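Before any comments, here is the structure.
Readers should treat all values here as calculations from the given coordinates under stated rules, not as data from a laboratory. Note that this is a predicted model, so its numbers are computed, not measured. Here the Cβ positions follow ideal geometry from the backbone for every residue, glycine too, while neighbour counts run over all protein chains shown.
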Amino acid sequence: MYDGRLNLTQQVVDEVKKYFKNKVLGTVIPRTVRLSEAPSFGQPIQYFDRNCKGSIAYNALAAEILEKYER
């Protein structure tokens with residue numbers, strides 16, 4: 001999960017992009033409280049809070065994967 005408030009996060013992103021180049025997908029999963037809470041309630045984020053930023057980001061990631069790799 002990405003936390004834009006931390007310098008380390010951006011450093012890791014830069015290193016991952018440098019090493020994996022075009023294999024890195026564009027969707028970023030933000031670190032949110034709702035994403036952290038969902039497992040405590042035994043629910044995936046899409047059931048726990050489908051409208052939170054994290055849930056929307058995971059849906060976007062799934063769509064990106066399907067678009068890129070579906071044949």
Around Tyr2, which amide H atoms from residues at least 5 apart in sequence, or from another chain, sit under 5 Å from its own amide H, with H modelled in the peptide plane?
Ile29, Arg31
Round to the nearest 0.05 the FRET efficiency obtained for Asn22 and Arg50 when R0 = 35 Å and r is the Cβ-Cβ distance.
0.70
Once you charge only the Cβ atoms, +1 for Lys and Arg and -1 for Asp and Glu, what is the size of the charge dipole of the chain about its Cα centre, to the nearest 20 debye?
160
Most exposed to least, judged by fewest other Cβ atoms within 10 Å, Glu64, Glu70 sort to Glu70, Glu64
Ordered by packing density, taken as the mean number of other Cβ atoms within 10 Å over each peptide's residues, highest first, how do 14-26, 33-45 rank?
33-45, 14-26
Three principal axis lengths of the chain [C-alpha, angstrom, descending]
37, 37, 17
